[in-house]
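Colleague: Handing you this structure, nothing more for now.
Rule-based calculations on the coordinates, nothing more; no lab input. Bear in mind the structure is a predicted one, so any value in this text is a computation, not a measurement. We place every Cβ from the backbone using ideal geometry, glycine too, and count neighbours over all the protein chains shown.
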Amino acid sequence: MSNFDILALSLSEIMGDFGYKAYARSGAATSFAQGSFGYAGVIFFLIRSLRVGNVLYVNGMWDGVSAALESVAAYVLLGERLERPIEYIGLVLIIVGLFMLHAPDGKIPF
């Protein structure tokens, strides 16, 4: 499983989520198409990732990368904010967990 596949999987999910959010609020067919196209990408890159990685690892990496990237994208592009500081701490812990999951030879990379 390559870092590209996990990144593409996460970016596809972001595209799907943003498209479906817009569709839920506006009902625009183009937003539904964007969401569907994004989730078609999720299926494609998930299958590619599972060819070489197990479900536990692929899901952990995908969740971590997706949480980090989608949170930044929602904050910057959509202007969304969390309500409490503890929620931001939770996001940081997810990112730390991602580095720990990806640690080569079981050694924490920081």
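Colleague: Rounded to the nearest 20 Debye, what is the dipole magnitude of the range 3-106 about its Cα centre when Lys and Arg each give +1 and Asp and Glu each give -1 at the C-beta? Before the final figure, lay out the partial values.
Modeller: Working: 6 positive and 9 negative charges, 45 e Å.
For the range 3-106, the charge dipole is close to 220 debye.
Colleague: Of Ile47, Ile6, how do they rank once you tally other Cβ atoms within 10 Å and put the fewest first? It would help to have the intermediate numbers written out before the result.
Modeller: Working: Ile47 11, Ile6 23.
Least crowded to most crowded, the residues run Ile47, Ile6.
Colleague: So what's the range 3-106 giving for Cα Rg divided by 2.2 N^0.38 Å, two decimals? Mind dumping the intermediate values first?
Modeller: Numbers: Rg = 14.9 Å, N = 104, 2.2 N^0.38 = 12.8 Å.
In units of the 2.2 N^0.38 Å rule of thumb, it is 1.16.
Colleague: Loop only per DSSP, at most 15 neighbouring Cβ atoms within 10 Å: give me the trypsin sites (Lys or Arg not before Pro) in the range 45-83, ordered by residue number. Each step should come with its number before you reach the end.
Modeller: Working: sites: Arg48, Arg51, Arg81; in loops: Arg81.
Answer by residue number: Arg81.
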